[in-house]
Amino acid sequence: MIPFRSRIPVSVGLAVCLATLVAIHLACARALTADEPAASPEEVSLPVTTSVKSIARASRPSPDAGMPDLMQRPAAPATLPAERFPQYRTGYHRAEGFSSATDRSGEIRFLLNDPSLVERVGRPLLITVTAFLDGKPFTERFQDKSKALVALPLSDPATDSGSGSPENSDAPESNPLSDTPEADPPEASSPPDPAEQTEPESDAAASPSEQDASEQDAGSDDASADDPPEESPTTEPPTQPPYQLASSAEETMRRYRAAVGEDVTAAEAEWMLTHWVDGPSLLVLHPYFQGFRADQRPAFRVLDRDGDGTVSKEELATAKETLQQCDANRDDVVDVLEISRSPAATSGQDVPPPPQPVLILVSELQSIINGQIEQFEPWRSFDSDGNENIDADELETLASRRPDIELAVRFDTQENGHSKLRLTAVAAELRPALQVTTQAGEIELRWPGATLNFAAVQGAASDQISVGAVIDGYPLLPALDPNGDGRLTIRELRQLDQSLNRFDSDQDGQLTAAETRPPVRVCFGLGGTVHRELAGIRTTPPGEVAPIVTGPEWFVRMDRNHDNDLTRREFPGTAEQFDSLDADGDSLVSAAEANTFDAKSKNAE
């Protein structure tokens with residue numbers, strides 16, 4: 001048995017050991033969770049899901065009724081993918097790394113060159129989106145279509161069974177170049193000549209010689225008098241039906257197989273679909289579309305009166321008066337077009353959009369070399385060996401790296417309401433100060449001085465996916481116009497200070513160009529549809545917008561600028577009458593105040 005004196009140190013040692021183990025366990029737990037901080041009331045909860053927007057199918061413009069018919073020739077149908085999708089890059093380089101990874105899982109891996117986020121993390125963002133069509137990877141639908149084209153019969157059964165094209169017709173054709181004339185139809189089929197039926201019977205009793213002579217004389221007289229001169233027989237040219245463009249991938253495949261005279265493989269069918277018919281399974285928005293309005297910031301240029309790139313405290317204090325000077329028609333409403341057309345807004349538009357694309361596929365980095373320095377510079381951070389080129393090893397490292405942002409989009413071609421866009425993961429280095437919101441089929445990631453917006457749209461059923469990004473421009477105007485009607489009313493201008501202070505991330509009382517950078521919008525679409533979504537300026541959350549109230553008839557007639565308020569200039573009565581209507585004393589008579597006045601007047605009667 002252990003003596004009592006020796007048992008005390010042992011128990012103390014056990015306690016020390018247990019305390020040490022607990023401390024080690026807690027330290028390991030902190031280390032494991034360092035990249036994923038504990039959830040807090042402000043912490044982003046993932047995943048975040050929103051619905052996919054439905055977009056109407058684009059319609060062709062109707063012909064002009066006043067235009068002559070000869071000038072209303074229908075446009076030739078687009079046949080090649082570049083003609084069908086002029087807004088997209090249909091001939092981009094598809095490296096083996098992209099094909100092998102995407103064909104298996106439907107994952108699209110791309111880089112996003114957002115200047116504000118590049119300053120935050122020191123490099124372009126690596127983003128992946130996994131796209132599904134009816135529960136399958138989108139590339140699988142494209143491969144299934146290629147396999148179905150290979151299995152098609154060489155001829156169209158519908159054409160063979162009915163009155164098909166001349167190519168499939170077995171009826172003999174006349175050879176116009178043959179020396180043998182065709183047989184004339186029998187004379188019995190022609191109607192009898194009335195002159196021969198009324199000929200006298202005495203002619204039949206004449207001698208053969210007299211009959212021949214009389215027939216020759218009669219024939220010569222008739223030929224000279226009535227019959228036209230004999231013409232040599234003409235040979236009609238061969239008749240061929242007009243050439244018809246192939247209207248479907250199936251018809252294009254049949255013609256191709258008939259031309260080569262042999263079966264084709266699935267790879268050849270996919271090449272034909274990509275280059276001749278539908279275009280690639282992934283449509284990437286063209287770079288010129290991505291930055292066409294990146295430098296459009298008319299409201300900021302108007303407020304920055306000295307043009308130093310910063311809206312100072314003094315300029316913010318007079319922001320309302322500065323914008324009111326843009327009111328060209330003096331109707332007390334500042335229109336967005338009036339701001340954009342003002343001399344201050346148009347004086348600094350000589351800065352070209354960024355030459356490098358905003359969005360680029362990871363596989364395309366192999367095609368960027370040092371000779372294209374303006375295109376290589378944004379991606380220099382991925383050149384680990386510093387040889388001024390992204391080689392195969394660096395591309396493989398980037399292809400296997402965990403992305404900064406992960407998304408998934410599921411398109412349901414049968415029911416648009418079942419399509420969903422989901423944000424599944426955000427890297428730990430991007431989570432500090434991150435706010436995630438959803439509105440109207442969009443997922444918005446917002447940091448101080450940076451905004452990233454994701455959306456998905458779909459229209460008609462398709463087996464292609466489109467992806468694109470755009471630097472949206474107009475950083476201030478959507479926030480200054482909460483209801484999005486393109487007009488800054490007196491009430492909205494009174495809230496101008498609050499709207500502008502939202503951009504002052506460092507709370508120094510002034511706005512810099514970095515604080516008012518426009519957001520970058522990324523869109524995924526079913527078919528070639530993302531250009532239609534990104535063509536318009538973004539919408540802002542409605543916030544606390546007062547409901548629209550319709551005033552009485554006299555109020556509507558006085559409201560000349562249709563802002564649902566009456567100013568002293570619009571009111572034809574006296575100042576005392578205006579003050580009696582202005583119950584809250586804000587120098588505006590609202591529709592609600594007009595309705596209240598009418599109700600009191602009726603009750604008094």
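The values are calculated or read from the model by the stated rules, or taken from the named source; none is laboratory data. This structure is a prediction, so every number in the text was calculated from the model and none was measured. Using ideal geometry, Cβ is built from the backbone for each residue, glycine included, and neighbour counts are taken over all protein chains shown. The area values use the complete protein model at the heavy-atom level, side chains included, leaving out ligands, DNA and RNA. Shrake-Rupley method; radii C 1.70, N 1.55, O 1.52, S 1.80 Å.
Count charges around LYS145 for me, please; just the other residues with Cβ under 9 Å from its Cβ, Lys/Arg as +1, Asp/Glu as -1. Walk me through the numbers before you get to the answer.
On the way: positive: ARG141, LYS147; negative: ASP144, GLU270, ASP278, ASP463.
Local charge sum for LYS145: -2.
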Q | Rounded Å value of the spacing that divides the Cα centres of the range 556-587 and the range 236-308 | A | 57
(Q) Which lysines, if any, have their Cα less than 18 Å from the Cα of LYS145, not counting same-chain residues under 8 positions apart? (A) LYS136
Q. Per the 1.4 Å probe, what fraction of the accessible area of the range 553-603, in percent, lies on carbon and sulfur atoms?
A. 53
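Could you report the range 553-603's accessible area per residue, 1.4 Å probe, as an integer in Å²? Please list the in-between numbers first.
On the way: 3090 Å² over 51 residues.
Value for the range 553-603: 61 Å² per residue.
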Q: Starting from the residue with the highest accessible area, list TRP379, TRP276, TRP554, TRP271 in decreasing order, probe 1.4 Å.
A: TRP271, TRP276, TRP554, TRP379
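Measuring with a 1.4 Å probe in the full set of protein chains, what accessible area per residue, in whole Å², belongs to the range 395-538?
Working: 5460 Å² over 144 residues.
Per-residue accessible area for the range 395-538 comes out at 38 Å².
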